[in-house]
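No lab work stands behind these numbers, since they all come straight from the coordinates. Fair warning: this is a prediction, and the values are worked out from it, not measured in the lab.
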Amino acid sequence: MSLFRREITVCSLSSGSAGNATWVGDRHAGILIDCGLSTKKIFEGLQEKGLGDVPIDAVLITHEHSDHVGSAAVLARHLAKKRGPVPFYMTRSTFEAAHPNSRPDGLEAIEAGSPFRVRHLRVEPIPVPHDAADPVAYRIQIGDVSVGIITDLGKPTALVGQHMKHCDVLLLEFNHDEEMLMEGPYPLALKQRIRGSHGHLSNSQAQQLLSMGLGSRLKHLVLSHLSDENNSEGRALGAAFQTLREAGVPINQKEAATGQNREGGVTVQVARQRVGLPPFRVEAREW
Ligand SMILES: [Zn+2]
Ligand SMILES: [Zn+2]
């Protein structure tokens, strides 16, 4: 254990079918999770959020859908030129299933359930049910702080719930409202795919998973991967508030916009498509 305290920053640059990218790290090391935005937008987004000079020691990919891996090839070349080669971590099946134009030059192959390290960050890939070759969610541990990035899964699983219990910050999918999806404009086959056990979490499935995975460390809950067509921020927030209230967890919306949580309880926010959210900061106390 070190005497130093460190501030961990978590920043969603965009969340949803328009593209996903999240940066997690401290001043010494950092990783990007998914790169479904263009390389230009990723760097513009970091700059706008005051993170223009943060380290990117690795890029972690959850699965091969273009809203998660779309710019990997371009980003890999860009990073190599500007900062030297950066490893791209994903399962071998994800790499093979990715569009050839999206594949980065090199691959650091990972396996769901086998943790690995990127500098002092411990990363645990968690298997999730989704219509992709070998998709994972990630839990990232820096010191005693844990961040869960849990999106693109068709149903709650006990394993994901267990990992969520350790998290200080949770980016959790609240993809669609069942009623809005079924009454909405999508063709029936697509509605069935989204609702299926390998599709996306509805608000009520996210509620179930949240109650399974609610732990005493949770400080920030970020509702993620919302559908523009089949959900509303009001419905997703209402669902999250209901679950937290039922579990007796105080909701701290006073500090939600500040990115800090000094007063306890849980802040709840929605990560938007294309614009994400301002960064969150959580202090790590143990190393
Ligand atoms: Zn997605
Ligand atoms: Zn997906």
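General observations
- Helical content of the chain, expressed as a calculated mean residue ellipticity at 222 nm, amounts to -7500 deg cm²/dmol (DSSP H runs of 4 or more residues, -39,500 (n - 2.57) each, divided by residue number, nearest 500).
- The DSSP beta bridges internal to the chain are antiparallel in roughly 55% of cases.
- Amide H contacts under 5 Å for LEU60, placed H, 5+ residues apart: LEU32, ILE33, ASP34, TYR89
- Cα convex hull of region 6-284 - mean projected area over all directions, nm²: 13.1 nm²
- Of the cross-linked pairs LYS49/LYS191; LYS81/LYS165; LYS81/LYS191; LYS155/LYS219; LYS49/LYS219, those separated by over 31 Å at the C-alpha level are LYS49/LYS191; LYS81/LYS165; LYS81/LYS191.
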